[in-house]
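This report concerns only the one structure given below.
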Amino acid sequence: MASAGLATAHRLLTEAVAALEAAAGPAADVEELLSVLTLCEETTRRLDRAVVATIATLDRRGTFAERGYRSPELALADLLNWDRAEARRRTVAAGHVHPRTALDGTVLPAALPATAERFADGRIGLGHVHVIAAVLGSHAARRIDPERLAAAEARIAEHAGVHNPAELRTWATRLIEALDDDGPEPDDAPPPQLNTLAVVPHRGRAGGRITGRYDDAALFDAIATAVDALAAPRDGLDERRPDQRRAEALAEICAHALDRGTVPDTGGRRPVISVLIGFDDLQHRARAAVLDFGGTTTPESLRMLACDAGVVPIVMNGRGQPLDVGRTRRTVPDGLRRAVTARDHGCAHPGCDRPPSWCEVHHIVPWETGGATALDNCVMLCKVHHRLVHHSEWIIQVRHGLPEFIPPRWIDPMQRPRSRPRPADAA
């Protein structure tokens, strides 16, 4: 602990939690148990206020930026082992319910004063603050004049005391829509179009999920036309459902683009399917293999890929380390990059899920100071974590053939190494 005050706070919190656990013991009656739940929620809101206030103070002082972090969310994720969404909920709250500092150093009041007041006295929780900030930051809300918007914020904050966050979002959205009933002026620029596509591999099993939304009619029409052209039944015996035909049509279109070599470089190399083959499986004629984006493919699929696709076999030993890779003449050879990809499966920094195509290969010991361009001196990092490693006190080491990240002392005084979870068969 940094001070006697913190030591006292830690002791009192520990005693209070122990007392709550005792009050909820087997001998407690129903009324006592219900009271424990209410008290726990009140305590949680108090702690959330302390966390949000601390984040706001650190951000105003520029502490996270001084230590190499461009965003408070990334720093909090590393410091407290939060995921990004959890960190963002608190940084959003800190930016809306605490005073802000202008570029000239002037201290400005909280962006949402009525919300700040109710959050401070415990009448609403962190989830309510996040909803209010989101609704009042919408395009419709920005079209409302500041005076009416301030009055709307006060009304929404008042209703937050009686609605849960989901109910509040619905009610507040309707209020903003009613205040913006005329919508934008006819000559106003249209709202920005939202075009999104999520490609999420399944964890621990083959395949994944692809979902998208296209507000741009031209983009949507191009995709829909291409899929429709290949989604017709092959013949009268084709029993596939329409959604199955469309799914396979999209995969066929992508395979065609890869085969014709019309896809740009990804992360510094042409897109090539890397097939990871265990050494034992190789000896037994490849019973299974793992693809670049994860998931085990069947022998039938592997044989189909091997017919005419750009396939690079990478042989792995029992600990998930590459045994054999190709060679090229680049500074970070293409074969070495494939080996790093096979080992790291994307950004190796713990908690990051960026795929290999978004990543760069980093020399752990810098090349200019004698570091070798070799597997045990390379690690795959996304651009965010690549910059972080160069501008902070994180240390990378390779132990037992796998990268580990040692955090700065301000994140973990014990500097215990961190690493991404490894597959069971590579442990």
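The values are calculated or read from the model by the stated rules, or taken from the named source; none is laboratory data. Note that the structure is a prediction, hence the values are computed from the model and not measured. Note: ideal-geometry Cβ built from the backbone for every residue, glycine included; neighbour counts use all protein chains shown. Side chains are part of the model used for accessible areas, which takes the heavy atoms of the whole protein and leaves out ligands, DNA and RNA. Shrake-Rupley method; radii C 1.70, N 1.55, O 1.52, S 1.80 Å.
So Phe293 ticks every box in (1) open to solvent by less than 50 Å² (accessible area, probe 1.4 Å); (2) of a type in the set (A, V, I, L, M, F, W, C); (3) under 21 Å from the mean Cα position of the chain (by Cα); (4) modelled with pLDDT under 85 but one. Which box is left unticked? Failing condition for Phe293: (1). For the range 368-407, name all the residues that are over 22 Å from the mean Cα position of the chain (by Cα) and part of a loop (DSSP other than H, G, I, E, B). Residues satisfying the conditions are Gly370, Gly371, Ala372, Thr373, Ala374, Glu393, His400, Gly401. When Ala120, Ala172 are screened for being farther than 30 Å from Gly212 by Cα and modelled with pLDDT of 90 or more, only Ala120 passes.
Looking at this structure, is Leu58 surrounded by fewer than 15 Cβ atoms within 10 Å (Cβ to Cβ) and in a helix (DSSP H, G or I)? Spelling it out, it is not the case that Leu58 is surrounded by fewer than 15 Cβ atoms within 10 Å (Cβ to Cβ) and in a helix (DSSP H, G or I). So Pro72 ticks every box in (1) within 25 Å of the chain's Cα centre (by Cα); (2) crowded, with 18+ Cβ neighbours inside 10 Å; (3) within 21 Å of Ala178 (Cα to Cα); (4) not aromatic (Phe, Trp, Tyr) but one. Which box is left unticked? Tallying (1) within 25 Å of the chain's Cα centre (by Cα); (2) crowded, with 18+ Cβ neighbours inside 10 Å; (3) within 21 Å of Ala178 (Cα to Cα); (4) not aromatic (Phe, Trp, Tyr), Pro72 fails exactly one: (3). Only residues that are part of a helix (DSSP H, G or I) and open to solvent by 10 Å² or more (accessible area, probe 1.4 Å) were counted in the range 136-145, giving 4.
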